[in-house]
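Chemist: Questions regarding the structure given below will be posed in turn.
The values are calculated or read from the model by the stated rules, or taken from the named source; none is laboratory data. Since the structure is predicted, the reported quantities are computational estimates derived from the model, not experimental observations. Cβ placement follows ideal geometry from the backbone for every residue including glycine, while neighbour counts extend to all protein chains displayed.
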Amino acid sequence: MLCIKSISVFQYKNYAQGTWDLDAKLIGIAGRNGTGKTNLLEAIYFCCFTKGYFSGSDAQLVQKGAQGMRLAAQFDKSGDPYEVTALIRESGKKEFRVNGALCERMADHIGQLPAVVVAPDDVEIIIAGSEERRRFMDALFSQIDHEYLLQLMTYNRLLQQRNSLLKQQAETGRRQPDLMDVLDQQLAAPANFVHQKRKDYLAQLIKGVVNRYQAISGESYQPELRYESGLDKAPFPTLLQQSRERDWLAQRTTMGIHRDDLGIYLDDGLFKQLASQGQRKSLLFALKMAAFDLLKVNKGFAPILLLDDVFEKLDEGRMQNLLQEVCVENDGQVLLTDTHPARINKSLERLSVNYRMISL
Ligand SMILES: Nc1ncnc2c1ncn2[C@@H]1O[C@H](COP(=O)(O)OP(=O)(O)O)[C@@H](O)[C@H]1O
Ligand SMILES: [Mg+2]
């Protein structure tokens, strides 16, 4: 079992400082717009992922006008205390400690505290370009599989080198095919690894999404989800070989797993073009709950669920079902925000779990 017990923040976003007791299965965070509800959820997310969910950079987490920030959170992992201290120093340097010990590599912390976020803007995963869907997949699979994250990081580092080389030749007019051969060779192993893992995990995830979608939407017809990768068409070295001339001209690598997508279709057309608002919402929750399920199966315990303003997105009955399922049937902890204290309070009261209300 995983849950957060408390969190303290210092010079973090709109908070000069603050401490919250979060020792309950269900935490309702109520407050008017701009009072820091989303910021509080993001502080928890930061402790789990070593980076923000909504903020583009670490610098945005530091309170305006302040130098550096600090978060300290107490988690409980299967009965053992798991204390995270996260610092952004005045220099901008980030530091992470778990039970007092410094994390040498941030990546080693990922997956220790699995969490799933659902936020209003997450519908971008469905309607925006492929980058959003890769971000969603990578965040999920990295939590399940540490080696996935390491291989992905290796791939991205080599890809950057390759792209720099392509840019360099445009500036100097001198091509270095030998160096390119070496990079292409090095890229193959991490690319194949990530491709195979995406295939395996997506097969599981997609099954879950389809089931979840049916339950959430009550519709009999289904969206179709497919993993789409250039690597399905040819081995990666062949792809790189074929696209090299184009890459020299484009000054970037046009083929590879950094272009992969999770295609979403409805009746043979693109889901994002054909689906109604309601269907998009259903699919978003189906994706997120399938991610929750996949984490739970692979970790052996439920991830923490962070729901930002979802009362605006789900009707009361569905909301009730979701909370019942996560908190009661899956022993998971849920933190959720709302602008209406009475609405959220009523919803939490109805479930037979211990809950706590925080007013901001
Ligand atoms: N780095 C920062 N320093 C100071 N205030 C910040 C910083 N980042 C965001 N804020 C403030 O936080 C507030 C928004 O908080 P947010 O958590 O989004 O509110 P809510 O979710 O309750 O509507 C805004 O008033 C914004 O100006
Ligand atoms: Mg908010």
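Chemist: Do you know which residues across the range 301-322 are outside any strand (DSSP E or B) and out of contact with any Ser or Thr (no Cβ under 9 Å at 6 or more places or on another chain)?
Modeler: 302, 303, 313, 314, 315, 317, 318, 321, 322
Chemist: Would you confirm, using the coordinates I've provided, whether residue 130 is surrounded by fewer than 18 Cβ atoms within 10 Å (Cβ to Cβ) and either more than 19 Å from the chain's Cα centre (by Cα) or not assigned by TED's automatic domain parsing to the domain that holds residue 319 (or both)?
Modeler: When the stated conditions are applied, residue 130 passes them.
Chemist: Anything in the range 289-317 that is charged (D, E, K, R) and away from ligand 2 (no atom under 16 Å from the Cβ)? List them, or say none.
Modeler: 293, 296, 299, 315, 316
Chemist: Now a separate question. I'd like the residue in the range 260-284 that is of a type in the set (A, V, I, L, M, F, W, C) and within 23 Å of residue 231 (Cα to Cα) and, out of all such residues, is surrounded by the fewest Cβ atoms within 10 Å (Cβ to Cβ).
Modeler: Among residues in the range 260-284 that are of a type in the set (A, V, I, L, M, F, W, C) and within 23 Å of residue 231 (Cα to Cα), the one surrounded by the fewest Cβ atoms within 10 Å (Cβ to Cβ) is 270.
Chemist: Run residue 196 past the list (1) in contact (Cβ under 8 Å) with a residue 24 or more places away in the chain; (2) in a helix (DSSP H, G or I) and report the number of the one that doesn't hold.
Modeler: Result: residue 196 passes all but (1).
Chemist: Within the range 301-331, work out how many residues are of a type outside the set (Lys, Arg), away from ligand 1 (no atom under 16 Å from the Cβ) and in contact (Cβ under 8 Å) with a residue 60 or more places away in the chain.
Modeler: 8
Chemist: Please work out which residue is farthest from residue 311 (Cα to Cα), limiting yourself to the range 21-49 and to residues that are in a strand (DSSP E or B) and within 16 Å of ligand 2 (Cβ to nearest atom).
Modeler: 27
Chemist: So, of the residues in the range 55-98 that are basic (Lys, Arg) and free of Cβ contacts under 8 Å to residues at least 24 places away in the same chain, which turns out to be surrounded by the most Cβ atoms within 10 Å (Cβ to Cβ)?
Modeler: Only one residue tops the list, namely 97.
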